[in-house]
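Notes to accompany the following structure.
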Amino acid sequence: MNATRSSRRELLLGRIVLLMLVVFTLLPFVGMLSAALQPAGSNPTGIQVPTNPAWGNFITAFEMSKLPTLMTSSLILVLMVVPVGLVLATAAAYGIVVLRVPFGGVAFVVLLLGLTIPFESLIVPLYHLMKDAGLLNTRLAIAMPLVALYLPFGVFWMRAHFQGVPKEITEAAEMDGAGWWRALWHVHLPLARPALTTLLVLYSLWTWNQFIIALVMMDEPLMRTVAGALGAFQGQYGTDIVLLSAGALLIMLPTITVFAIFQKQFVVALLQGSVKG
Amino acid sequence: MTKLDQVVVGAQGSGPAAGGGRRTSRRGGQRRGPWAAWIFVLPALAVYGFFTLQSLAKSVQYSFYSWNGIGEATWVGLANYVEVFSDPRRVTALANAFKLIFFYSFLSIALGLIAATLIRGLNSRWSRASQTLLFLPQVVPLVGAGIAWTWLYSSDGAVNQFLRAIGLGEVARAWLADFTFALPAIGIVGTWVLIGLCTMLLSAGMTKIDPALYDAARVDGAGPIREFFAVTLPGVRGELTVCLTVTLIAALANFDVVYTMTLGGPGGSTMVPGVDIYQLAFNQARVGAASAMGVVLMVLVLALVLPLQRIMRERP
């Protein structure tokens, strides 16, 4: 009797603590929405329930931020970075794990080093590399370094996947006399689909939200990533809280939507990643 | 969203890697594959070598010169490194990076542990939904988070509104313009970003703990607190290491949040190495000093993260 009562109290307390954490997490979004719905040009105070929500602010912000242009720009960058990144990472991991290239372990350790390097530490040489190549202010100057910088994680991730493939499958493919390419195409890629999907989601998200590389390589905000454009939008309309909040919410909406749709995949991927260990 | 990249990196990677290590050793005795198979590895290694390794080497090289990025570079030996450890602005930036560890690592892991334990205990649809909501900050650009929090912290923002509502109006202030509170205010944004990731990882770890251990603890008469320290905490040791690795990197290599919220101000009180590097190189044309700071930052991250990896590998 006593135990149930105390555990019921525990449950209630637990719910309250968890609820507080959720409120804390949602607070910034609620704050922006509240500001975005105040009359245009006004100076809002704190979080208020708008008496007369000014949804029109979103239309103004949509036009001011040139949303379609910069979404397209981000999408182009994603298309430049993600496929190349996936191919390079998958091929390298396949060579190291399945084909067991000589000194593949050494190659892997060298790649692993890149996982801990902060981008800021490389940004200066990368800028001069692109400047010397005459590529500054082109999308290539953003895309090429990103492919390279994301590569260590990609190889790391795909290597973990290939190591999880039962040895029998790898050997059967060899015994059949199937060539490396055929084994990769017909046996390993179909098996790698879940791992590749996760990597695709992560690479796309990272590119979409990439800030410092876009900021340094590209002067034109509309040709940057969404995050880079958002930074410029803040610089331009920083004092107009209503417009800034509406614009920032609009700019973040696509990632939030994609997350809402694919949240199960996100969660499953994370769980898988940990459970395998 | 530079640092978030790294964040999710560690989170996603750690698990399979641990399993992989064991498998590799089992395969150890097998014959090597042919050299021709390098055709698969070479493209990746070439791209990595050209961009990442070359930049790494150049960073080190630049750090020994005084160079404005255009004209002639002059060899200055270790002068840039002496500056990193003596110039108040550089030293403050490094010290701030360490102070942020409290918010980015300690607070978010502690809250993540609490949340994951509660979610496990409640085990309802609602508690799992809250786990997803907590993860939301991970998918929005950090710049967006910075803009949102700047508004919350402003003199008319929600934080002051709340303080006035509970009768603490006299402590209300423009938080990001305050020399004492601007850095903690930024730190809390880091906590906000990382709680969800830690919760998710630790929850995953807790599902792997053998339920018999909890039963045994209950039979021994352990309350929830003792159960937590005797069963849960040791059970998620590996996940804790991952959380620590990821959050440490996020704390030290912070750029987006500080750049958006304060640019290092007021008066350099929130300066961090990332923003310092950016301003040195691109506003002050001091490429050598920026590179020295970059190298020091890189070494710091390695020095903190590598020992953690060793601990993880020694896990029984």
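The values are calculated or read from the model by the stated rules, or taken from the named source; none is laboratory data. It should be emphasised that the depicted structure is a prediction, and the values quoted were computed from it without experimental measurement. Positions of Cβ are backbone-derived with ideal geometry, glycine not excepted, and every protein chain shown enters the neighbour counts.
Among the numbered criteria (1) within 12 Å of chain A (Cβ to nearest Cβ); (2) in a helix (DSSP H, G or I), which one does B:F98 miss?
Exception for B:F98: condition (1).
The rows are residues; the columns are (1) of a type in the set (S, T, Y); (2) in contact (Cβ under 8 Å) with a residue 60 or more places away in the chain; (3) closer than 23 Å to A:E10 by Cβ.
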| site | (1), (2), (3) |
| --- | --- |
| B:I114 | no, no, yes |
| B:S124 | yes, no, yes |
| B:F162 | no, no, no |
| B:V171 | no, no, no |
| B:C198 | no, yes, yes |
| B:D210 | no, no, yes |
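From the list A:A89, A:A93, which one is touching a Lys or Arg at 6+ places or on another chain (Cβ under 6 Å) and of a type in the set (G, A, S)?
A:A93
Please verify whether segment B:208-231 includes one or more residues that are in a helix (DSSP H, G or I), at the interface with chain A (Cβ under 8 Å from one of its Cβ atoms), at pLDDT below 90 and at negative phi.
Yes: one or more hits.
Picking from A:L70, A:L86, A:L75, which residue would you name as being assigned by TED's automatic domain parsing to the domain that holds A:L250, at pLDDT below 90 and part of a helix (DSSP H, G or I)?
A:L70
Restricting attention to segment A:117-124, does a residue exist that is assigned to a loop (DSSP other than H, G, I, E, B), facing chain B (nearest Cβ under 7 Å) and either without any contact (Cβ under 8 Å) to a residue 24 or more places away in the chain or in contact with a Pro (Cβ under 9 Å, 6 or more places away or on another chain) (or both)?
yes
Can you tell me which of A:E63, A:E120 is acidic (D, E) and modelled with pLDDT of 90 or more?
The match here is A:E120.
Can you tell me which of (1) at pLDDT below 90; (2) not assigned by TED's automatic domain parsing to the domain that holds A:A229 is the one A:S34 doesn't meet?
(1)
I'd like to check something: does segment A:37-50 contain any residue that is hydrophobic (A, V, I, L, M, F, W, C), modelled with pLDDT of 90 or more and out of contact with any Leu (no Cβ under 6 Å at 6 or more places or on another chain)?
yes
Taking segment A:10-51 on its own, how many of its residues are under 24 Å from the mean Cα position of the chain (by Cα), surrounded by fewer than 18 Cβ atoms within 10 Å (Cβ to Cβ) and touching a residue at least 60 places away in the same chain (Cβ under 8 Å)?
1
Tally up the residues in segment B:267-316 that are under 27 Å from B:F64 (Cα atoms), out of contact with any strand residue (DSSP E or B) (no Cβ under 7 Å at 6 or more places or on another chain) and assigned to a helix (DSSP H, G or I), please.
29
Restricting attention to segment B:164-205, report how many residues are in a helix (DSSP H, G or I), more than 10 Å from chain A (Cβ to nearest Cβ) and either touching a strand residue (DSSP E or B) at 6+ places or on another chain (Cβ under 6 Å) or more than 23 Å from B:L100 (Cβ to Cβ) (or both).
2
Specify the residue that is modelled with the highest pLDDT; the eligible residues are those in segment B:232-266 that are assigned to a loop (DSSP other than H, G, I, E, B) and within 11 Å of chain A (Cβ to nearest Cβ).
Applying the filter and picking the extreme gives B:F255.
From the list B:A116, B:A129, B:A73, pick out the single residue that is modelled with pLDDT under 95, of a type in the set (G, A, S) and surrounded by fewer than 15 Cβ atoms within 10 Å (Cβ to Cβ).
Among B:A116, B:A129, B:A73, only B:A129 is modelled with pLDDT under 95, of a type in the set (G, A, S) and surrounded by fewer than 15 Cβ atoms within 10 Å (Cβ to Cβ).
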